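In what follows, a structure is listed as structure tokens, so that the remarks can point back to it.
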Amino acid sequence: MGISYKKLWMLLLERDIKKSTFRQELNLASGTWTKLNKGEEVSLSILLRICDYLNCDIGNICEAVRTDKD
């Protein structure tokens, strides 16, 4: 299983929030930002900070996706 942040990027677009503004206001480290952009796992505490900032549920910003081809 992997993780997809497609919902996060769509939510930012819908709310007209620029990625640069989002990163600055949440004070996200460059490594964390890279992981989000590459669809890699980030800590739950980061995801909860994002949810708090966007006033949404964790299911609104990410989802588990199957990575195997079976």
- Helix-only [θ] at 222 nm, the chain, -39500 (n - 2.57) per DSSP H run of 4+, per residue, nearest 500, equals -15000 deg cm²/dmol
- Note on the structure: Under 5 Å from the placed amide H of ILE3, counting only residues 5+ away or on other chains, we find VAL65
- Order by accessible surface, 1.4 Å probe, largest leading, for residues CYS56, CYS51 comes to CYS56, CYS51
- Expressed in square angstrom to the nearest 10, the accessible area of GLU41 with a 1.4 Å probe stands at 140 Å²
- Message: Let me cross-check ASP16: its accessible surface, 1.4 Å probe, with only protein heavy atoms counted, in Å² to the nearest 10?
- Response: 130 Å²
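Rounded to a whole number, what % of the accessible area of the chain do carbon and sulfur atoms account for, probe 1.4 Å?
47 percent
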- Given labels modelled 7 Å from the Cα in the Cβ direction, how far is it in nm from ARG49 to MET1? 2.4 nm
- Query: Would you list THR32, THR67, THR21 from the most to the least accessible area, probe 1.4 Å?
  - Reply: THR67, THR21, THR32
- Among (1) 4.8; (2) 7.2; (3) 5.2, which one is mean projected area of the Cα convex hull in nm² computed from these coordinates? (1)
- Give, rounded to the nearest 20 debye, the magnitude of the charge dipole that the chain has about its Cα centre when Lys and Arg contribute +1 at Cβ and Asp and Glu contribute -1 at Cβ. 240 debye
- Message: Relative contact order for the chain: what percent, with Cα pairs under 8 Å and sequence separation of 6 or more?
- Response: 60 percent
- Between exposed trypsin sites (Lys or Arg not before Pro) in the chain, where DSSP calls loop and at most 12 other Cβ atoms lie within 10 Å, what's the longest gap? 19-65
- Item | Cβ-defined net charge surrounding CYS62, 10 Å radius [Lys, Arg +1; Asp, Glu -1] | 0
- Note on the structure: Under 16 Å between C-alpha atoms, the lysine pairs in the chain lying 8 or more places apart or on different chains count 10
- Calculate one ³J(HN,Hα) per residue across region 21-36 by plugging θ = phi - 60° into the Karplus curve 6.51 cos²θ - 1.76 cosθ + 1.60, and present them in order as whole Hz with x for glycine and proline. 5, 4, 5, 5, 5, 8, 6, 7, 5, 4, x, 5, 4, 4, 4, 4
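The values are calculated or read from the model by the stated rules, or taken from the named source; none is laboratory data. In this text the structure is predicted, and so the values were computed from the model without any measurement. All Cβ positions, even for glycine, are placed from backbone atoms using ideal geometry, and neighbour counts span all protein chains on display. Heads up: the accessible areas ignore ligands, DNA and RNA and are worked out on the full protein's heavy atoms, side chains in. Shrake-Rupley method; radii C 1.70, N 1.55, O 1.52, S 1.80 Å.
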